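Below is one structure, written out as structure tokens, with a few remarks after it.
The values are calculated or read from the model by the stated rules, or taken from the named source; none is laboratory data. What you see is a predicted model, and the numbers here were worked out from it, not measured in a lab. Glycine also receives a Cβ, built like all others from the backbone with ideal geometry; neighbour counts cover every protein chain displayed.
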Ligand code: SF4
């Protein structure tokens, strides 16, 4: 599956997501649970703001000297006997890996979870070859694969949109006869995949961080599948976005703990591994080791106003706090990178024609920026996308600017603000609808907008907007009287 | 020009920053939290923390003397009803005084053998229902065991067996990853350690991929135990 996951329009995707009540409940439950775990694991570390500063510094430093770090890293991989391929596009990367499978006559391929391999549609490319088997070994990715490569809905929890009954049905297609108990289904997957691991002759992994000082790959997982992919097959291919460098293993360790705390609320993931090609006297591990370093649009961000998006460590925390993601889930975005990070990154990688809707899929509440462990100002980057689009599409944003300027002035100047409160009720009379008071419109019985003008239109397209109260009934008047009464 | 040079030059051009500036601008961290965090704990506090944090991961944690080590291992093996035992070929087993115990161990264990091939060793690991490894460090902060791959203790040693136990000397319980990383980097740089792989293992494998329900034991071992030898 390439970056774009759907040909449907944004509004159609939203309608479908809105109708998927299980998904919405699952996302809400996951967000709430993760909120508690993430917060407590950050508190337990202590000095979280200073850790964020360090995380940001590491990532910004690497991006600033990216060609130098890539050079150092690739030299060190080669010194260990590995091969490095620099791919400018998804097609270059997937064709190169396909060729490795042909040249080495590899027939049984196992993979561990990797967003970048999804980005380059690698599974399909490898399965084009005759007589090849390929198995995703991460439990969630395995479920998606067995469900005809269904699209992931979250970058850390790809199967969030599936319930246990659906998973049971998927597994029944491959011989499962047990119940819908998660533990029992996981044991079935363990047994099923173990056989594939043992016969695998090629392993494919992603890369959390690539260590420039010694050419090792740092991978973190909870299941242990990536370690089996790195131990058993004689050939390993690592696919990584070009920005995933760290200077030394020390910085990798810093980011690993920030990633684990931000992604799943753990102090460390169950497994964090640093690996390279097997040394000549070691027994297992890959004899043939390839690293594919991918640009695929990332360089569009370099040196420009979206450069900070390259700091991302794919923890998914921004998805887990996003109110828009809570309602539309991953599929609503139509990109393999959903949520706030996806809304910023997808247009950088593939442009506004494909992903121009996404920067508007945000309430700009800023929760994403606040939680990001490497301090990416996501909501500010979304605003920048909107401005760039307006400029590129030669749209006139002077109206928006004027309105925002006007609102800024009115709310920032007490006499003007008071005057607005005096007249807003009267001036809105012509645009509001009145119904007889009922339980449902209890808070709207003053009347409500169904088609508000200008910037409020987006709100009234899907919700009612209560009419401003009369001057004597508004909060300020009420508070003033309340204070006077209590002084009396 | 090689494909790498074209690629890297393109990045330099796109960013508007010339290449080869790193030598004059090495990375200098803005704070020292990685090394100062938990560094003020006493040895006892460190051990207590290691135990609490390990147990929070559902790790069975034992502190024992070298003398009682064989007994602890026997009890553990019995609890796992181990029929196929896997051990490393590693001089540390002798250093921990286990030669006698090994000589009488039943059922007869299999070893990860430096001179046997990949297939033999993977077969031993995949059939093992209990593996006993020798660990390098234990990180108190996160209850994490670290192990570097050696000829006598391969990568799959830690992942294929059903139940897994690791022995770590108390003097190697350190505050957090910083201290272990420092030691590994030093050993790699001066050549006292030659390895292609270092594992940080924090408890048994797990997943929340089905309705976010925590499942313990997915691809790696179903249970994990740490035995700390009190060598202080
Ligand atoms: S943008 Fe920040 S919060 Fe979102 S996935 Fe990336 S690192 Fe995590």
Identify all residues within the stretch A:366-395 that are surrounded by fewer than 22 Cβ atoms within 10 Å (Cβ to Cβ), within 14 Å of the ligand (Cβ to nearest atom) and assigned to a loop (DSSP other than H, G, I, E, B); write none if there are none. A:366, A:375, A:377
Which is surrounded by fewer than 22 Cβ atoms within 10 Å (Cβ to Cβ), touching a residue at least 24 places away in the same chain (Cβ under 8 Å) and on the phi < 0 side of the Ramachandran plot, of B:158, B:163, B:172? B:172
Go through the residues of the stretch B:210-227 one by one and say whether even a single one is more than 7 Å from every other protein chain (Cβ to nearest Cβ) and in a helix (DSSP H, G or I). no
I'd like to know if the stretch A:143-156 contains one or more residues that are at pLDDT 90 or above, within 12 Å of chain B (Cβ to nearest Cβ) and either touching a strand residue (DSSP E or B) at 6+ places or on another chain (Cβ under 9 Å) or farther than 21 Å from residue A:6 by Cβ (or both). yes
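Residues are listed down the side, and each one gets a yes or a no for (1) facing another protein chain (nearest Cβ under 10 Å); (2) at pLDDT 95 or above; (3) under 22 Å from the mean Cα position of the chain (by Cα):
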{"position": "A:26", "(1), (2), (3)": "yes, no, yes"}
{"position": "A:31", "(1), (2), (3)": "no, no, yes"}
{"position": "A:35", "(1), (2), (3)": "no, no, yes"}
{"position": "A:47", "(1), (2), (3)": "yes, yes, no"}
{"position": "A:77", "(1), (2), (3)": "no, yes, no"}
{"position": "A:81", "(1), (2), (3)": "yes, yes, no"}
Can you spot a residue in the stretch A:93-105 that is more than 10 Å from every other protein chain (Cβ to nearest Cβ), modelled with pLDDT of 95 or more and over 30 Å from residue B:10 (Cβ atoms)? yes
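Residues are listed down the side, and each one gets a yes or a no for (1) closer than 30 Å to residue A:268 by Cα; (2) touching a strand residue (DSSP E or B) at 6+ places or on another chain (Cβ under 9 Å):
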position: A:315; (1), (2): yes, no
position: A:323; (1), (2): yes, no
position: A:334; (1), (2): no, yes
position: A:339; (1), (2): yes, no
position: A:351; (1), (2): no, no
position: A:379; (1), (2): yes, no
position: A:382; (1), (2): no, no
Within the stretch B:116-139, can one find any residue that is farther than 19 Å from residue B:231 by Cα, touching a helix residue (DSSP H, G or I) at 6+ places or on another chain (Cβ under 8 Å) and assigned to a loop (DSSP other than H, G, I, E, B)? no
Anything in the stretch A:214-223 that is outside any loop (DSSP other than H, G, I, E, B) and more than 26 Å from residue A:92 (Cα to Cα)? List them, or say none. A:220, A:221
Could you check, for the stretch A:320-339, whether at least one of its residues is more than 9 Å from the ligand (Cβ to nearest atom) and either free of Cβ contacts under 8 Å to residues at least 24 places away in the same chain or within 14 Å of chain B (Cβ to nearest Cβ) (or both)? no
Being modelled with pLDDT under 95, within 16 Å of the ligand (Cβ to nearest atom) and more than 30 Å from residue A:252 (Cα to Cα): is that true of residue A:362 here? yes
Taking residue A:226, is it buried (at least 24 other Cβ atoms within 10 Å of the Cβ) and either within 16 Å of the ligand (Cβ to nearest atom) or not in a helix (DSSP H, G or I) (or both)? no
Residue count for the stretch A:166-194, restricted to those that are closer than 20 Å to residue A:110 by Cβ, in a helix (DSSP H, G or I) and touching a residue at least 12 places away in the same chain (Cβ under 8 Å): 8
Which condition breaks for residue A:268 when tested against (1) touching a strand residue (DSSP E or B) at 6+ places or on another chain (Cβ under 9 Å); (2) within 16 Å of the ligand (Cβ to nearest atom); (3) within 14 Å of chain B (Cβ to nearest Cβ); (4) free of Cβ contacts under 8 Å to residues at least 60 places away in the same chain? (2)
Any idea how many residues of the stretch B:1-19 are assigned to a helix (DSSP H, G or I) and surrounded by 13 or more Cβ atoms within 10 Å (Cβ to Cβ)? 12
Could you identify the single residue in B:93, B:145 that is in a helix (DSSP H, G or I), modelled with pLDDT of 95 or more and either within 14 Å of another protein chain (Cβ to nearest Cβ) or closer than 24 Å to residue A:281 by Cβ (or both)? B:93
